[in-house]
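Only one structure is covered here, and it is reproduced in the block below.
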Amino acid sequence: MQNVLGRLQAQVLRPRAKAMAYLLRPESTAAATTTKLAATSKEFRERQVRFNIKNDQTEGRPLYLDAQATTPMDPRVLDAMLPYLTNYYGNPHSRTHAYGWETEHAVEKAREQVARLIGADAKEIIFTSGATESNNIAVKGVARFYGTNKKHVITTQTEHKCVLDSCRALENEGYRVTYLPVEANGIINMEQLAEAMTPDTSIVSIMTVNNEIGVKQPIQEIGQLCRSRKVFFHTDAAQAVGKIPIDVNAMQIDLMSISGHKIYGPKGVGALYVRRRPRVRLEPIQSGGGQERGLRSGTVPAPLAVGLGTAAELSMQEMDYDKKWVDFLSKRLMDRITTALPHVIRNGDPERTYNGCLNLSFAYVEGESLLMALKDVALSSGSACTSASLEPSYVLRAIGTDEDLAHSSIRFGIGRFTTVQEVDYTADKCIKHVERLREMSPLWEMVQEGIDLKTIQWSQH
């Protein structure tokens with residue numbers, strides 16, 4: 001009986017002892033907890049103020065840093081165009097009166113201006129509606145003209161979409177197309193190109209400067225190789241003409257595409273260089289009155305051609321100055337961002353590149369979220385032609401970028417009219433929002449704790 005009473009007494013007294021222990025807890029522990037909570041809440045409030053975007057007000061239009069999509073028209077180009085939009089409105093193909101002669105003279109002058117920029121003869125310049133049409137005429141035109149004997153075309157996986165789609169159209173017609181891979185830096189392997197060439201190859205199409213990552217291909221070496229194998233060489237130079245020196249004879253280029261609105265000229269006009277010696281033959285893809293040496297039928301829009309010619313002349317005069325300015329701003333932007341933020345990756349070769357196109361991946365941040373946060377700066381996450389797609393860039397996938405990094409890429413396009421203040425503002429905003437988005441990311445938290453995300457086996461639901 002005594003044993004039972006003893007157990008009951010122990011059970012009754014135990015909770016009281018526990019309660020007493022709570023009452024007797026040292027005040028120092030409670031104070032430490034209070035201090036810790038206060039520190040945490042203070043840190044939280046500081047972060048809340050720092051990353052608050054509710055009060056971000058955008059007045060006026062956004063800053064423009066998307067020069068690879070298009071460039072603003074140079075005011076001097078508009079001045080040259082205005083007379084041909086008002087008083088000199090004749091058809092340049094009308095040979096029977098002064099109105100036609102006036103505009104024909106202006107168009108021929110523009111042809112000479114474009115030719116001088118690339119070291120060509122004026123008779124080798126064909127006016128088109130833009131680089132997309134030029135690429136279509138070059139790739140399809142040459143392949144079809146020589147298609148009875150040669151049925152093979154070579155291009156790369158990182159070409160502009162209009163070249164890739166032109167090649168797919170040729171595949172549907174029975175042609176064989178080789179899509180060359182590129183190295184991790186975005187540059188092609190010359191040995192792979194040489195191995196891909198066969199006696200059946202009619203044309204090689206490789207762009208000069210990539211529109212997404214800015215890398216420059218070894219155009220002169222490609223030209224020499226193609227000439228030695230008697231294969232025509234076409235290059236899409238829309239992002240290169242007027243920005244880097246190009247000489248079609250020194251580089252042994254047979255066909256080259258040019259765009260007006262990428263060199264501070266008007267939209268809706270471009271040019272195709274077609275070599276005359278050794279002569280390049282091609283089948284026109286458009287039927288009509290046989291204008292432009294019979295290669296591109298249709299009335300040449302004189303005001304646009306004048307605008308392209310003036311833009312080409314200005315680019316030739318100011319190329320050195322533009323290059324120094326763009327290089328300076330690009331380095332400033334890159335240094336400012338990479339100094340403040342870790343885990344920022346530059347996509348493409350850092351040396352063999354056009355610095356006006358800076359493509360950066362911000363690890364552990366969704367690129368679209370960052371673009372939305374940077375609503376007061378006009379940027380893009382890739383090519384303007386495919387910007388409606390939420391798929392990661394095919395160019396970044398081709399250079400072996402991880403899918404999460406491909407999704408977190410932003411392209412900064414710097415041009416002639418970009419200012420130091422715009423670059424600094426963009427860099428500071430970018431730093432602020434990357435830090436804010438990373439604070440919200442559980443992946444960033446895991447990385448901070450030293451966890452290697454590649455070792456984690458993610459389960460699917």
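The values are calculated or read from the model by the stated rules, or taken from the named source; none is laboratory data. A quick note: this is a predicted structure, and the numbers were derived from the prediction, not measured. All Cβ positions, glycine included, derive from the backbone under ideal geometry; neighbour counts span all protein chains shown. Each accessible area value is taken on the protein alone, full model and side chains, heavy atoms only, with ligands, DNA and RNA left out. Shrake-Rupley method; radii C 1.70, N 1.55, O 1.52, S 1.80 Å.
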As straight-line cross-link partners of K243, the qualifying lysines (C-alpha separation under 16 Å, not fewer than 8 residues apart within one chain) are K216, K262, K323, K324
The rounded separation in angstrom of the Cα centers of the range 318-371 and the range 221-258 is 26 Å
Residue span D402 to T198: 0.36 nm per residue of separation minus Cα-Cα distance leaves a gain in nm of 70.1 nm
Hull volume per residue for the range 314-446, using the convex hull of the C-alpha atoms, in Å³ is 122 Å³
Which residues qualify? For N359, with a placed amide H closer than 5 Å and at least 5 residues away or on another chain, they are N347, F412
For 148-159, 356-367, 181-192, ranked highest to lowest by mean beta-carbon neighbours within 10 Å, the order is 356-367, 148-159, 181-192
Counting only residues 5 or more apart in sequence or on a different chain, those whose built amide H sits under 5 Å from that of T353 are K216
Here FRET efficiency (C-beta to C-beta, K331 to Q157, R₀ 41 Å, nearest 0.05) is 0.90
Calc'd 3J(HN,Hα), the range 303-312, phi into Karplus 6.51 cos²θ - 1.76 cosθ + 1.60 (θ = phi - 60°), Hz, glycine/Pro = x, comes to x, 5, 4, 4, x, 5, x, 5, 4, 5
Counting only protein heavy atoms with a 1.4 Å probe and every protein chain in place, the carbon and sulfur fraction of the accessible surface of the range 75-315 in whole percent equals 50 percent
Note, the range 357-366: 3J(HN,Hα) by Karplus (6.51, -1.76, 1.60, θ = phi - 60°), whole Hz, Gly/Pro = x, goes 10, 10, 10, 10, 10, 9, 4, 6, 9, 7
For the range 323-338, in residue order, the Karplus 3J(HN,Hα) values (coefficients 6.51, -1.76, 1.60; θ = phi - 60°; whole Hz; Gly and Pro = x) are 4, 4, 5, 5, 4, 4, 5, 5, 5, 4, 5, 4, 4, 5, 6, 6
For the range 121-271, the Kirkwood Rh over every pair of distinct alpha carbons, in Å, works out to 15.4 Å
Output row, site Q317, 7 Å Cα→C-beta label point, backbone N cut-off 17 Å, window the range 99-137, residues 109-118
Residue span E351 to K324: 0.36 nm per residue of separation minus Cα-Cα distance leaves a gain in nm of 8.2 nm
Residues whose built amide H sits under 5 Å from the amide H of I188, excluding neighbours closer than 5 in sequence, are E183
Computed for the range 334-437: size of charge dipole around the Cα centre, +1 on C-beta of each Lys and Arg, -1 on C-beta of each Asp and Glu, debye to nearest 20, value 240 debye
